[in-house]
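FYI, it's all coordinate maths here, none of it is from the lab. The structure presented is a predicted model; accordingly, all values stated were derived computationally and were not measured. Cβ placement follows ideal geometry from the backbone for every residue including glycine, while neighbour counts extend to all protein chains displayed.
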Amino acid sequence: MHYFVTGATGFIGRRLVKALLARKGATVHFLVRAGSEGKVADLLAYWGTTKARAVAVPGDLTADRLGVAADTIKALKGRIDAVYHLAAVYDLEADAESQVRVNVEGTRNLVAFAKAIDAGHLHHVSSIAAAGLYEGVFREDMFDEAEGLEHPYFMTKHESEKIVRRECKIPWTVYRPAFVVGDSTTGEMDKIDGPYYFFKLIQRMRQILPPWAPAIGLEGGRINIVPVDFVVRCIDHVSHGQGAIAGRAFHLVDPMGYRIGDVLALFAKAAHAPKMSLFVNAALLGFIPKSVKKGLMALAPVRRVRAAVMKDLGLPEDVLTFLNWPTRYDRRDLDAALAGSGIECPKLDDYAWRLWDYWERHLDPDLFIDRSLEGTVGGKVVLVTGGSSGIGLAAAHKFAQAGATTIICGRDQDKLDAACVEAEARGHAFVAYAVDLADLADCDRFVKLVLERHGGVDFLVNNAGRSIRRAIESSYERFHDYERTMQLNYFGCLRVTLGLLPAMVARHRGHVVNISSIGVLTNAPRFSAYVASKAALDAWTRCASSEFADQGITFTTINMPLVRTPMIAPTKIYNNVPTLAPDDAADMIAQACIGRPVRIATRLGVFGEVLHALAPRVAQIVMNTSFRMFPDSAAAKGDKAGARPQLSAEAIALEQMMRGIHF
């Protein structure tokens, strides 16, 4: 037999062609757009055939009679036993114009072509979307009863089927597949659609919550899902069957169907995500008057929040419209046609894990995002304050190696020079400026210099800081401790940031990373001056993040744990406490620039914050205990010798326990 297929390069089409070619003596002619000829070789390899049996026909679905050359139409006339029309836009996110052009006008062109070549039969692959959002059971012999066709996808699928029914002059058959997902044996799929839209949400749940934690799911109407291999087997079998199929439609659907909540629960199980134990029915949204919904969506902040959430979860704007899917599909004609064939729709329970596995390995949008530091800062200008040593120097090396113009600053010119020599030895370079960030006038001079020579910065890492470990009772006569700590950690940082922000706003891009402390989350004793200065910076950052959210400027706060740097060297007690290496801390800064999260904190820091929020008295007792167990050093009390204090047995036990905590 001789066949003609549109959409042969598509997900369903290329599998159907393979099934047709498996029939003895079959030859398949398939439509290929101009510019897509390069795909032919790969298709022939996939089908395991030659150009003699799989013949590419240049054309255009949107042109009259598919834009096929007149001599080709003449050569095909009377030779094609069946035409299979699969080319269409299967995408809820596609614009209405393209859907009309391809789905509606493309079908009209196909019908005209089939008549021109005097084909024996037209097999039109439609969709259950042709029924719209019909309330109740939609039978295979129903068509005009469709309702709820406002969405472009529903409208165009209905209109394209109407063209076949009313304009086609040769025998025709319509197939209405349900939501087509990947292969039930391999999981293979070529795009994100239907239930796949919710995979990112499930993945986020898995990342945030442990598998045993109960989760809240979303309930709604019934959604019908079928694997692509089932659809292909049905079309192949029915189109070659012995029964009368002309002028009929067949629902290629799962006879059971699943509620949306059940589908989400199945994929959550496949993803090893938390089990959905409680479901919120989306039908409750139906009780909100349309006028109220419309009024809310007229508010710009509401639209922005909705768009941000939907984008973050990878959900199209229209997906919520279909949560309360009201239609169920009768398939008694399909059952009769499949009788004795052994073709059955696989149960979603049996292959959901294959779909999830394939999506996570091949289709997860995160796989296609350049998350390398080179892709983030290459060719950009990065400023790291306090970049002559410790965390700042380690981070500066990473930025310079990634191809960024890396500016470092510090008070000590000798340290800056040494850092530049070290950079040259590693094969990259720094731009170094000496500046005292505790001197606001010097800050202004430095900012002016950076703007004049570099035009501003793309990434600002506020790393320079001063730490003082001293009990309040040892600070009664040392108010200057608070002043000098605040001067550098808060005012100096703020002065630089405010000086560089206008240039970021003008370019509508920029990212600021503020190095804070785990002490802000745990309210660490003996660090009142340091923690207060960092807490002030954290609070300012939260306010700034809100103010600049619509101007392309983002902020990240890193509540850094203890790091082995010169800053903590004088406090010998830290020799017994687990700390990060500067390179590990620099990795946190790099990730802050790549992912631009609102905050980065260790689990220990988050635990301390949660404990203080839920049980503040308990948190105070824990912190007070550590305060009493680890007294001030002699240096902190004013003894220049700086002898290390003797630790109690309880303190030694606590140190040993802390060694088992990994940040």
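Between Asp412 and Met1, the simple label model (points 7 Å from Cα in the Cβ direction) yields a spacing of 8.4 nm.
Label zone of Asp349 (point 7 Å out along Cα→Cβ, amide N under 12 Å): in segment 226-267 this covers 266.
Neighbour counts of C-beta atoms inside 10 Å place Thr541, Thr6 in the sequence Thr541, Thr6, starting with the fewest.
Among Val384, Val104, what is the fewest-to-most ranking by other Cβ atoms within 10 Å? Could the numbers behind the result be given before it?
Numbers: Val384 34, Val104 19.
Going from least to most buried by this count: Val104, Val384.
Once the Cα-Cα distance is subtracted from the 0.36 nm per residue extended length, the Asp587 to Glu422 segment shows a gain of 57.5 nm. Ellipsoid fit via the Cα gyration tensor, segment 1-177: semi-axes of 28, 17, 16 Å, each the root of five times an eigenvalue, largest first. Spin-label pair His480-Met256: with each label point 7 Å from Cα along the Cα-Cβ axis, the two points sit 7.8 nm from one another. For His362 and Arg453, a Förster radius of 45 Å and the Cβ-Cβ distance give a FRET efficiency of 0.45, rounded to the nearest 0.05. Neighbour counts of C-beta atoms inside 10 Å place Lys169, Lys162 in the sequence Lys169, Lys162, starting with the fewest.
The length gained on full extension between Gln207 and Ala246, counted as 0.36 nm times the residue separation minus their Cα-Cα distance, comes to 8.9 nm.
Relative to the current alpha-carbon distance between Arg108 and Thr50, full extension at 0.36 nm per residue lengthens the span by 17.8 nm. In this simple spin-label approximation, Lys39 and Ala506 carry label points 7 Å from Cα along the Cα→Cβ vector, and these lie 4.7 nm apart. For a label point 7 Å from the Cα of Leu498 along Cα→C-beta, name the residues of segment 426-454 whose backbone N is under 19 Å from it. Only 436-451 pass the distance filter. For the pair Leu21 and Ala434, a Förster radius of 51 Å applied to the C-beta separation gives a FRET efficiency near 0.10, rounded to the nearest 0.05.
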